[in-house]
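The values are calculated or read from the model by the stated rules, or taken from the named source; none is laboratory data. All values derive from a computational prediction rather than experimental measurement. Cβ placement follows ideal geometry from the backbone for every residue including glycine, while neighbour counts extend to all protein chains displayed. These accessible areas exclude ligands, DNA and RNA; they are computed on the full protein's heavy atoms, side chains included. Shrake-Rupley method; radii C 1.70, N 1.55, O 1.52, S 1.80 Å.
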Amino acid sequence: MPEFCDVALPVPLDMAFTYRVPQGTPPVVGGRVLVPFRQQRMTGIVVELHDREPSVVTKSVFSVLDSAPLLDEKLLNLARWISSYYLAPLGEVFRTMLPLHAEFKRAVAYRITDEGHRALHLAGMSGSSARSRRTPEEQATESRVLDYLAAHATETECEVVKVRKATSTDDAAPDFSPILLEGGEADAGTTNPALVTGGKGTTSAAADQALVREQALRSATGASRAILNGMVRKNWILREDISSPQDASRTVKVAVLKSADGKLNENQRILIDTLAASGGQLPLDALQLPEVPRTTLKTLVRRGLIELLEERAEFTVSRAHPRPSPFDFDLNPAQQSALFRLREAVESRKFSGMLLHGVTGSGKTAVYLAGMRSVLDAGRSAILLVPEIGLTPAVAADLHQIFGDEVAILHSALSDRERAEQWHRIKRGEARMVVGTRSAVFAPVADLALIIVDEEHDSSYKQEETPRYHARDVAVMRAKMSNAVVVLGSATPSLESYFNAKRNKYILVELPDRVEKRPLPEVEIVDMRLEFQETGHEQVLSRKLAAEIKERFDRKEQVMILLNRRGYSPVVLCRTCGKKLECNNCAIALTHHKREHKMVCHYCGYIAPVPKACVHCGSEYIYFLGTGSEKLEELLHGMFPQARIARLDRDTVRGHEDFERTLNALNEGELDLVVGTQMIAKGHDIHGVTLVGVVGADVALGLPDFRAAERTFQLLTQVAGRAGRGQSPGKVILQTYFQDHYAVQYAAGHDFLGFYERELRFRSWMHYPPYSALANVVVRSDKLDDALRWSGLLGKWFESTRHEGVRVLGPAAAPILRLKRDYRYHFVLKSPSREKLNNTLRAMLTYASQEKIPRTQIIVDVDALWLM
């Protein structure tokens, strides 16, 4: 058995760490191990086993968590490619690929040290100058902490972890006793003694030391984390990481009727009758009736009439109502041709890329599902990616209707336990059809045949934190490594994808017409400048749009209104000094949320009270400027009091169930109008919607971003495509202040090719993608001087070093100078050669390391979509 293993850990360091392999179960490449790292325990992925002894003292692996690889060789190679291409630490890539956080319980505990014992018993503990700076309340809290730890130093049957300390070096094999909880039961996952460490192996006056869990300690003493940190620094107490694996199975408590005999009062009879009517068994949540006190159930359990059991929780793939199956109607000739080419490519078992460009409502989803059924019939696997969590329920419902239990779902709105459960279903081969958002591209399916990226143009596929991968491009690379087929589908493909298709890198397949020969919606542009001139005041809804909404309501038809801005008012302005209310952490105006009566930063989440006076000058003349989706909803309720109106944005949709509920209501005709942000623009197939109104969607044209026109065109085209998808023709009212802009004009004419050719000319002149590869390098710090100094150092290095074939713009202040407390300066790098760009970025990171610029303070975003 190899003596050492290299482990990739989820830390911002571009290296693997070598550990000594423990006796017993050997680790496997692609499997997890639990290892010590500084003062913590971490899970990492084994990337190599070897016998090369390092030149430094090597710590031992605490525990081997997997006897078989979680990641096969293809997924390991994919991770290495992502790490290399996006310049991301390999361990952080693995953390993104494995949604198994629920299987590891992070916890810390404390014990009193010899110094702490002395401090506790010294008279006048607050006499020293170091301690005198603390308030009497803080000193009293410190005394309570020391008293509590000293009192529990030898106890085992409480929230204490008893650990026998090793008496030699770090990698000695300590003797451990189990973690004990209240009641004396061993903590889950601690049967392997290596799962609990004794820390650094320091000796103590006591042979046995007890570790008290942080939660219990803070609850008993009222100590804050800051006070505990201070006591650790003074060496009065020692903090130790006791994180360990845990069972991530989801369970639900169930009440089972055992007997209905005996004397019962009215409340008890209600519970017994409810259980009996449900077949003698109900989930506990369903049995907790508002009119019956909770103590009633406890009494029935104590009397033995009801028994409470824990059962494995069921997982509901989707509560959305499935649409008609694509196999309930005939595909038109264009769909049949697309399906034939897809099946032909899959059957060849060779890599193939396909761009499926179809207008909105052309039946792309039917082609996807038919292709996936062919894959399933052949005993192989497929992955379907959708850009938004909101699209997942409807697509998952379609797949579940067709494929039954062969479907698994992966997205961030699931709980950690639900994601782990779904991941293991896929890994075991119980589900071969996977649907989800960008992280589903890493689903561990066997014999992958097909990856479909729906709405491939969508920016949601780009992750905005390390690793900053683009799921569309990762899907292409994974398909290439697996000899599978990747299908990129969209009514408004990204310029890069369409450019590649025109250069024959992808097969271009067109669906030029809507299904059943339904017409594309008529688009009418309303110039809001003329509206202001004619009415004399600013309007949120034009007279034309208001009249069209009323007409649809009279005809019992449904309406969607897009306003891509959350909240009630996006700006709060003082009429006296002219200053706006900004976030404390960001150079961004706070947004007023009227219903929740607060001001919110949509970038960092900072919350402030609604001001009654200007925070700068004290003036009471506060002006709430602009309109968000919440204000538009209120306005529509005022204009149409009898209408059933709902709002879809990130304020009303807290989880996937909220989204499903609203979409189901819209599908069932229980709503007349839905107002929302871009959530409503993507992929929804609501046949009753005949009118779409667009309010302020052209605001993005004013942003300093070379993709602004492309984003605006895509959003306008996509939201217009929600109209007229049923038997009745649709209409779009597009309100704009930029009616002559080519993005608006081409969107109104449903002319993708015209927009593509014009936008491509601008990109070629300025050497932007797809004519060059692009990277955004952001230097950040919470101290302005550091951000300026570091960006200046890198700027001088770029100037003094030759980078053939790479053009560097900057340093310059980022458009949003301060974000989440960090000041930000950036460079934009462009090159026709991805290899040269990558080499330059690596050289820059090496230089930054030499200059002691922290790696976490430099963001390298390859193929950046957001330059703000």
ask   = Mind listing which GluC sites (Glu not before Pro) in the range 771-868 are in a DSSP loop and have 15 or fewer other Cβ atoms within 10 Å?
value = Glu804, Glu851
inquiry  = Can you order the peptides 501-513, 376-388 by their average number of other Cβ atoms within 10 Å per residue, highest first?
reply    = 376-388, 501-513
message = Using the basic label-point model (7 angstrom from Cα toward the beta carbon), what is the Glu804 to Glu465 distance in nanometres?
response = 4.1 nm
ask   = Which of the aspartates and glutamates could a cross-linker bridge to Lys298, judged by Cα under 17 Å and excluding same-chain residues fewer than eight apart?
value = Asp261, Glu266, Asp273, Asp285, Glu307, Glu310
ask   = Lys579: which lysines have alpha carbons under 16 Å from its alpha carbon, excluding same-chain residues fewer than 8 sequence positions away?
value = Lys612
Segments 860-867, 714-721, 22-29, 93-100 sorted - mean Cβ within 10 Å per residue, highest first = 714-721, 93-100, 860-867, 22-29
key: Net charge contributed by nearby residues that have their C-beta within less than 10 Å of Val386 (K/R +1, D/E -1)   = -2
Relative contact order computed over the chain (Cα-Cα under 8 Å; 6+ residues apart), in percent = 9 percent
key: the chain: angle of helix 392-403 to the longest principal axis, Cα-based, in degrees nearest 10   = 90 degrees
Using alpha-carbon coordinates, inclination of helix 543-554 to the longest axis of the chain, degrees = 80 degrees
ask   = Summing Lys, Arg as +1 and Asp, Glu as -1, what charge do residues with Cβ under 10 Å from the Cβ of Cys574 carry, Cys574 excluded?
value = +2
inquiry  = For the range 546-589, report the % of Cα-Cα distances exceeding 17 Å.
reply    = 59 percent
ask   = How big is the equivalent ellipsoid of the chain along its three axes, where each semi-axis is √(5λ) from the Cα gyration tensor, reported in whole Å from largest to smallest?
value = 48, 36, 33
request  = Return the subset of Lys480/Lys830; Lys234/Lys783; Lys480/Lys682; Lys350/Lys502; Lys550/Lys580 for which the Cα-Cα distance in this structure is over 32 Å, preserving the input order.
outcome  = Lys550/Lys580
note = Quick calc, Ala150 & Lys59: beta-carbon distance into FRET formula, R0 41 Å, rounding 0.05, result 0.85
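Determine the sum of side-chain charges near Tyr756: Lys and Arg each +1, Asp and Glu each -1, restricted to other residues whose C-beta is under 12 angstrom from that of Tyr756.
-1
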inquiry  = Projecting each Cα onto the charge dipole of the chain (Lys/Arg +1, Asp/Glu -1 at the beta carbon, about the Cα centre), which of Ala443, Leu867, Ser781 comes out farthest on the positive side?
reply    = Ser781
key: Mean separation of Cα contacts under 8 Å, 6 or more apart, over the residue count of the range 1-108: relative contact order %   = 32 percent
remark   = Charge dipole of the range 210-289 built from unit charges on the beta carbon (Lys, Arg +1; Asp, Glu -1), centred at mean Cα; most positive-end Cα among Ser243, Ser224, Thr274 is Ser224
query = Based on the Cβ-Cβ distance of Ala446 and Arg80, what FRET efficiency does E = 1/(1 + (r/R0)^6) give at R0 = 22 Å, to the nearest 0.05?
reply = 0.60
task = With a cut-off of at most 16 other beta carbons within 10 Å, and DSSP calling the residue loop, which trypsin sites (Lys or Arg not before Pro) in the range 752-800 qualify? Please list them.
result = Lys783
query = To the nearest 10 degrees, how steep is helix 656-667 against the longest Cα principal axis of the chain, on a 0 to 90 scale?
reply = 20 degrees
query = Among Leu520, Ser569, Ser482, whose Cα sits farthest toward the positive end of the charge dipole of the range 469-603 (+1 at Cβ of Lys/Arg, -1 at Cβ of Asp/Glu, about the Cα centre)?
reply = Ser482
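Return the calculated 222 nm mean residue ellipticity for the chain, to the nearest 500 deg cm²/dmol, obtained by summing -39500 (n - 2.57) across DSSP H runs with n ≥ 4 and dividing by the residue count.
Details: 25 runs with 276 residues, N = 868.
It lands at -9500 deg cm²/dmol.
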Reachable aspartates and glutamates from Lys556, criterion Cα separation under 20 angstrom, eight or more residues apart if same chain = Glu522, Glu548, Glu633, Glu668, Glu670, Asp672, Asp685
Contour excess over end-to-end distance, with Cα ends at Arg106 and Asn265 and 0.36 nm allotted per residue = 52.6 nm
ask   = Quick one: if you take sqrt(5λ) for each eigenvalue of the C-alpha gyration tensor of the range 554-702, what semi-axes come out, biggest first, whole angstrom?
value = 32, 16, 14
ask   = Of all the accessible heavy-atom surface of the chain, with the other protein chains kept in place and a 1.4 Å probe, what percent is carbon and sulfur?
value = 49 percent
ask   = Want the number for Arg575 to Glu524: 0.36 nm per residue separation, take away the alpha-carbon distance, what's left?
value = 14.7 nm
query = Quick one: accessible area per residue over the chain, 1.4 Å probe, rounded to a whole number of Å²?
reply = 45 Å²
